[in-house]
Structures are given as C-alpha cells and as structure tokens.
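These notes are about the structure you will find just below.
The values are calculated or read from the model by the stated rules, or taken from the named source; none is laboratory data. Keep in mind it's a predicted model, so treat the numbers as computed, not measured. Using ideal geometry, Cβ is built from the backbone for each residue, glycine included, and neighbour counts are taken over all protein chains shown. Remember, those area values only see protein heavy atoms, side chains included, never the ligands or the DNA or RNA. Shrake-Rupley method; radii C 1.70, N 1.55, O 1.52, S 1.80 Å.
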Amino acid sequence: MSDNSEDQKQSRETGGLSRRHVLGTSALAGVVGAGLAGGLVSVPSAQAASSSGPAPKDFVPPGQLDEYYGIWSGGQSGELRILGIPSMRELVRIPVFNTDFTIGWGITNESKRVLGANFPAGGDLHHPHMSMTHGRYDGRYIFVNDKACTRVARIRCDIMRTDKIINIPNTQSIHGLRVQREPRTGYVFCCGEFRVPHPNDGRDLNDPSKYFTVFTAIDGDTMKVAWQVLVDGNLDNTDADYDGKYVAATCYNSEGGVNLAGFMRDERDWVVIFDIKAIEAAVRKGQYKKIPGSDVPVVDGRHGSKLTMYVPVPKNPHGCNASPDGKYIVASGKLSPTVTVMSWKKIGEYFAGKLKNPRDIVVAEPEMGLGPLHTAFDGRGNAYTTLFIDSQIVKWNVEDAIKAYNGQKVNYIRQKLDVAYQPGHNHASMGETRDADGKWLISLNKFSKDRFLPVGPLHPDNDQLIDISGDQMKIVADGPVYCEPHDCNLIHRRVLMDKVKRVWSRNDPFFAETVALAKKHGVKLETDNKVIRQGKKVFVYMTSAAPTYGLEQFTVKKGDEVTITITNVDTIQDLTHGFCLANYGINMEISPQQTSSVTFIADKPGVHWFYCTFFCHALHLEMRSRMLVEA
Ligand code: CUK
Ligand code: CUA
Ligand code: CA
C-alpha cells in the first residue's frame, strides 16, 4: 500500500521534528535572547521559551501540571508506573506483582495481605485499564494482568496502591485484559493465553489433545471470578463493546499447536466473540461445569456453542481494539498485512440468527503494511495502527476502509509515519472511551537502538509522543523507559486529580486489619508508644513525628516474633517517614496519617538501630532509635 514518495515526504517531515532538535533550537534562542538582554544565561524559563518562539508542544513549564496521566505498564518489573503527559516525566511507581524496598511492598503486613503469603518473586504486567462507567473512565480502579503468574490485580486510584490480587484458575498465563464499559466495570475480562491440561498435576503431560484454556470474567467490585468460558484455540488480546453485550478476543493458536511451526500452520486463525447475556443466562440456569480444583462456573464455548462465535481472520491476529464511536472492533493482523474491522451491530444480528456466516460481520479488511499489532482511535473517525516490521504508524479512516471493502475506489490511508523503532501498542488520549479527544498518541516502541546514550547491551524502550491534533501526525518527543511497557492509557487529569488523596485517611481499609489488631491490644495508635508481650510474640507500637519515633528503644529476646506497628501522626502532605531496621532487610514507608506494620523473627542478637529513610526534617539523620535483642 505504501507510496514511496509519500513515505519519503513523511520521513523528511518527521526528521526535522525530533525532540533534540526542537529543544536545541529553543535553548539556543534562549541563549541569544539572554545575551542581547545582557542577563546571565541559565536554564531557559517558561518565559524565555515563549518569548523566543513557540515552546515545544510537550513543554510543561516548571510548576505547571501535565494535562494527562499516563498509566504505564511496567512489564517485567511487575509494577505500574504513572507518567505526566505530555512531559513524559515519571511521577510514581506502583508495585503490584513485585517487591519494592522504597515502600516495603512484599515486606509490610499490609502488602503481604494483598500479595498473599507465598507470593512469587515477580510478575509480567502488560495491560493496565481503568474502570469505566457508561464508556467513560470513572477514576475508581486500574486493573492489570500478570502474564508470568496467571494473576489479575486491582489498583485503587484514590491512594494509587494495589488492593487486590487474585489467581485465575483453569488456565496458564493471563495476557489480554479489558474492562466492561456499559453500564460499568463490572466485569474485568481476561484472556488465558497458554493451553495446558486441567487439572495440571502431571497426569496428562504430553497429550496436547487434553490441553485447553478459558476466557475469564472477573467481578471488578469483589475481585472474584464470575464465570469462565471454555474455548477452542487460545486467547491473546481482548476488548469489549460500548453496549455491555459482547466482548471479543483474538486467537493465534487455533491450531492447538505446542511449538512455533504448530502456532503458524494454518492460514487463518480467528476472533472469538462472547455473548455476555447468553453466558450469564447459562450460568443462572446451571448450564456449566466446575473443573476439579477450582470453584468457578465454566460454560462450554467451543465450536457449536450458542454462547460464542468464531470469526475466521488472517493468520495469527494480535491487537483487539473497539472504536470509540461504539460501532466497530478491530483485530490487527500481525502476520497478515491487514486489519479486520467487524461491526458490533452485525455481531448482534449473527447471534440473533439473522446472519449465517461468521464472516458476514466483517465490514472491512484494509491493508496496512507489515506487522500490524495494535490500533488506536482519535474520535474523529481515524484509526492508528502500529506496524512492527515496517516501524511505522499508519493513520487510516475507518469509514473509507469500509467503502473500499465494498468496492469503491477510495484511499483510506491518510499517512504513514516512521517511528523509532518496532512499535507494539500505541494509545491515543482518552482513545478507548467515549471521550476520545484525538490530541496525543503514544507509540510504545520496543527498540531504541541509537536514540539515547548507550547504557549497555540492554537498551531502554523508546516511547514516542505524537501530536495527532492536526491532519498530520507529528513526533514531538522520545521518552526512554525501562523495558518493557506493553501498553498505556492516557487519561485526562479531570478524571483523577480530585479523586487522588494527598494524605491518608485514618480509617482507610488498606490498613484496617492492622488498626483492628491494635484495638484488640487496647492500643490507641495515634498516641500510644508501648510494647506488648504475648509469650514469644512481641507487639511494638509507636508513633512517628518528625524528627522522632515515639520509642527511643525497645528490648526483645532472640527468637521472638516481633511485630512493629508505626503510625505517622504528622498531618502535613509529603511528610513521609520511613522505618529501616539495620541488617534485617526491612524498610517501609509511613506517609502522613498512615499506619504500617512489619513482622519478623528477631534472630540476630545485639543492638540494631532503626532509622527514618525519607528525608523528613533537618534532623532526619538523627531520627533513629534502637532495638535491643537479648541473646
Ligand atoms: S501485547 Cu505486548 S505489544 Cu502483551 Cu498487549 Cu501487543
Ligand atoms: Cu522521618 Cu526522616
Ligand atoms: Ca496460528
């Protein structure tokens, strides 16, 4: 499809718009301006930038806030990250499936209650998606998948902390994850990618005919599995409609293969579509099974079932994206140069028996280029598809692609833009909601090659910020990130800013169990500093207020099980204290009005200083006390 001269024109245009270039010229102009004024040359200020020509579009002056929250997958780190967009500045990291010494995730009792007692060492987080109400972000939760350990987690947006993690039964490896848009989330849909036997206890090891996987709907409010659907093939990515009726998923292993040749054998795989109401009715009527070892209803959605439809599409499709006008679901071809556009309305007609051939729901299958992976939307009728192999983003018009599919002579391609390099996901601002605003597009590029200072054989990813507000896409900035963010959401700050707490509230459920235990011990956390011994169990309660802990010392015996509970009684926002116990591998954060606790065995006798790890006061270094462990 690509017109050579058009491509060259594009790369000419984008070649002049790298961030280095833009920053370079404005900085230079700042120097010249300051020189003329006879002033000292320093960091170009907001004024300098604006008085010396237009500031770059991603420039957020000092003290100003970004317009969007960027909710970033942390990939193999197992964490979630939050960036400000358009500045691409990282604001915070939220540990989810990983341990984290800064806040003590995996160390504190509060985090262990979320992680479970024997949590695995890490996770592989791909897909973060915020809960919605009527197709709009509602700022309640962010849901994320763990491909590594078959888990799904929920992050509370008001405190930006993970509050639930669950294991998904009857599958291995949760990959695609999306939320129900209508009427609300509601369900969190997730794809089991790897087929294995169930129960997977060693009885059927090398008999792939016994392998299977399931599609899972989790109740986002209770974080319990609501139901599962047994499918043919495997499941990759997913997305739901805007009416609360259907949800689709791509499948690249319709072959049921167990190696690369097997996954690639057939020319076609499929998109499987689930009829939510029909599945709910089947569950209500008891038309399900339970698979030994789990307690969730599993309905049979394999070929021939009335609960699902299997739409043949070209070989090994990947991304699955619903258009924000609520009309279409787009599957990106990966090994085929096409994307398949399907109509939710026609899907309804198929389930109602009005269409006979599953392919009748396909309304377009435009050619894009090599390696289409994911598609984003601007709310103005245009779609943006990443081409992994071509290292490009294709802007195309959905209605024009439909016209071309119907035989009209229309060019649906609007532009091809070179990105650096090998993009996977892309994401448009508010683009997966009814509020798609078509301002920014992020291209999450897997390779950065030569774009940054070399830092060893492991290169950062390169997330590029693209201005899509005009007719032509324009690259505005490169953003190096520790690999490997697969996906992100760009969420306008109006959704979140007023919902995010600056200080903990004393009755937050996150540490309610700890508060309840203190109450049982007759302790008033905000004022009491005391040690309670119950046999070999010792409970140490203290406050923290800059620059002191409520106890200057406490004494335990070697072998005691010690629980230290600290309440930060400071009320000023940003005044976080830490608790690090020397040579015990323990650190935890205690932010204003928070209670944090940790339990450990005092197995090392002697003097152990504990000290504050967040620079809270001029006398922060002096904020330390002693644990005395008797031999
Ligand atoms: S997947 Cu990584 S580029 Cu896990 Cu969403 Cu497509
Ligand atoms: Cu408290 Cu530093
Ligand atoms: Ca295949």
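For every residue, the table says whether it meets (1) crowded, with 18+ Cβ neighbours inside 10 Å; (2) at pLDDT 95 or above; (3) within 16 Å of ligand 3 (Cβ to nearest atom); (4) not in a strand (DSSP E or B).
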site	(1), (2), (3), (4)
ASN587	yes, yes, no, no
SER597	yes, yes, no, no
PHE600	no, yes, no, no
ALA618	no, yes, no, yes
LEU621	no, yes, no, yes
### Message
Quick check on ARG302: is it of a type in the set (Lys, Arg), within 29 Å of ALA226 (Cβ to Cβ) and in contact (Cβ under 8 Å) with a residue 40 or more places away in the chain?
### Response
yes
## Note on the structure
Selection over region 59-80 where residues are in a loop (DSSP other than H, G, I, E, B), in contact (Cβ under 8 Å) with a residue 24 or more places away in the chain and either closer than 21 Å to LYS499 by Cβ or open to solvent by 10 Å² or more (accessible area, probe 1.4 Å) (or both) yields a count of 7
### Query
When both residues are 6+ apart or on different chains and their Cβ atoms are under 6 Å apart, which pairs have a first residue that lies in region 506-533 and is small (Gly, Ala, Ser), and a second that is assigned to a loop (DSSP other than H, G, I, E, B)?
ALA518/LEU525
### Message
I'm trying to understand the selection: among the residues of region 121-145, which are part of a loop (DSSP other than H, G, I, E, B) and closer than 17 Å to GLU193 by Cβ?
### Response
GLY123, ASP124, HIS126, HIS127
### Evaluation of ALA226 against (1) out of contact with any Gly (no Cβ under 9 Å at 6 or more places or on another chain); (2) farther than 19 Å from GLY176 by Cβ (one fails), failing number
(2)
### The one condition in (1) open to solvent by 30 Å² or more (accessible area, probe 1.4 Å); (2) more than 20 Å from ARG89 (Cβ to Cβ) that GLY438 fails to fulfil
(1)
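Any idea which residue in region 358-374 is least open to solvent (accessible area, probe 1.4 Å), counting only those that are part of a strand (DSSP E or B) and within 16 Å of ligand 3 (Cβ to nearest atom)?
Within region 358-374, the match that is least open to solvent (accessible area, probe 1.4 Å) is PRO372.
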### Message
Give me the residue from region 250-269 that is open to solvent by 30 Å² or more (accessible area, probe 1.4 Å) and within 16 Å of ligand 1 (Cβ to nearest atom) and, out of that set, nearest to THR375 (Cα to Cα).
### Response
TYR252
### Query
Can you pull out the residues in region 518-534 that are farther than 22 Å from LEU621 by Cβ and open to solvent by less than 60 Å² (accessible area, probe 1.4 Å)?
ALA518, HIS521, GLY522, VAL523, LEU525, ASP528, ILE532
### Query
Quick one: would you say THR555 is part of a strand (DSSP E or B), open to solvent by 30 Å² or more (accessible area, probe 1.4 Å) and at pLDDT 95 or above?
yes
### Message
Would you confirm whether or not region 97-107 contains a residue that is open to solvent by 30 Å² or more (accessible area, probe 1.4 Å), within 19 Å of the chain's Cα centre (by Cα) and modelled with pLDDT of 95 or more?
### Response
yes
### Task
May I ask you to list the residues in region 538-570 that are of a type in the set (A, V, I, L, M, F, W, C) and under 20 Å from LYS524 (Cβ atoms)?
VAL538, PHE539, VAL540, MET542, ALA545, LEU551, PHE554, ILE564, ILE566, VAL569
### Message
Tell me yes or no: at least one residue of region 390-403 is open to solvent by 20 Å² or more (accessible area, probe 1.4 Å), hydrophobic (A, V, I, L, M, F, W, C) and closer than 20 Å to LEU335 by Cβ.
### Response
no
## Note on the structure
Only one of VAL540, VAL495, VAL481 is open to solvent by less than 30 Å² (accessible area, probe 1.4 Å) and farther than 30 Å from GLU79 by Cα, namely VAL540
### Message
Given (1) within 15 Å of PHE511 (Cβ to Cβ); (2) assigned to a loop (DSSP other than H, G, I, E, B), identify the lone condition not met by SER544.
### Response
(2)
### Query
Would you pick out the residues in region 137-163 that are surrounded by 23 or more Cβ atoms within 10 Å (Cβ to Cβ) and acidic (Asp, Glu)?
ASP146
